[in-house]
1. Between 18, 117, 71, where does the largest GNM mean-square fluctuation fall for the chain, given springs only between Cα atoms within less than 10 Å?
2. Fewest to most neighbouring Cβ within 10 Å: what's the order for 201, 143?
3. Using Cβ counts within 10 Å as a stand-in for footprinting exposure, how do 208, 94, 164 rank, fewest first?
4. Which FRET efficiency, nearest 0.05, do residue 207 and residue 132 yield, Cβ-Cβ r, R0 45 Å?
5. Output the relative contact order of the stretch 5-199, whole-number percent, from Cα pairs under 8 angstrom with separation of 6+ residues.
6. Okay, helix-only estimate at 222 nm for the chain: each DSSP H run of n ≥ 4 adds -39500 (n - 2.57), divide by all residues, round to 500 deg cm²/dmol; what do you get?
7. Largest first and in whole Å, what are the equivalent-ellipsoid semi-axes of the stretch 31-94 based on the Cα gyration tensor, each being the root of 5 times an eigenvalue?
8. If we count other beta carbons within 10 Å of each Cβ, what is the order of 30, 199, fewest first?
Ligand code: MN
């Protein structure tokens, strides 16, 4: 298992200066209904030094209690790599009042690049680009447990472990295929999309 540090509700302030160019981020919740299923865990991998941080989020947390996490995620210079950012960003906004800036979503990039498939799960990307098979069985475990099991911790770390490598492959492909402009515009709309999701317009507003 990778090394990690576990914190409650926020990162310690002194860690903030160790983040340089990019971080990989994931969240675990009680389920997929954002306003019903609370945020339980935020996983961060510092891609500059490889350090992993797990931040357990308490039930009914006061967003004022996670100011360092907010500072990091709202920082415009540090890239945040997610897989399916739409969900994580909505959860972070709803529960912690964090508005994430400078986002890369490996799922959106995959949809633009990998037109030969409709399989855009993290597992599919890791398997195709890195030839590694990851286990997703803890996905539906109870993340609100005060003490997380070894399997849960392993799973949580695994979800951010390969994001940076996948980002590098996909970003190079976006450039090669001249899709950066489309990609950037999709990402700029993501903030609006997330706001619409949280307001209840969680469908394709452009559809017939
Ligand atoms: Mn995850």
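Every read-out reported here was derived from the displayed coordinates using simple, explicitly stated rules and does not represent laboratory data. Here the structure is a predicted model, which is why all the values come from computation and not from measurement. Quick reminder, even Gly has a Cβ in these numbers, built from the backbone with ideal geometry, and neighbours come from all protein chains shown.
1. Ranking 18, 117, 71 by mean-square fluctuation puts 117 first.
2. Result, fewest neighbours first: 201, 143.
3. 208, 94, 164
4. My answer for the efficiency is 0.80.
5. 22 percent
6. -12500 deg cm²/dmol
7. Square roots of five times the eigenvalues give 20, 14, 12 Å.
8. 199, 30
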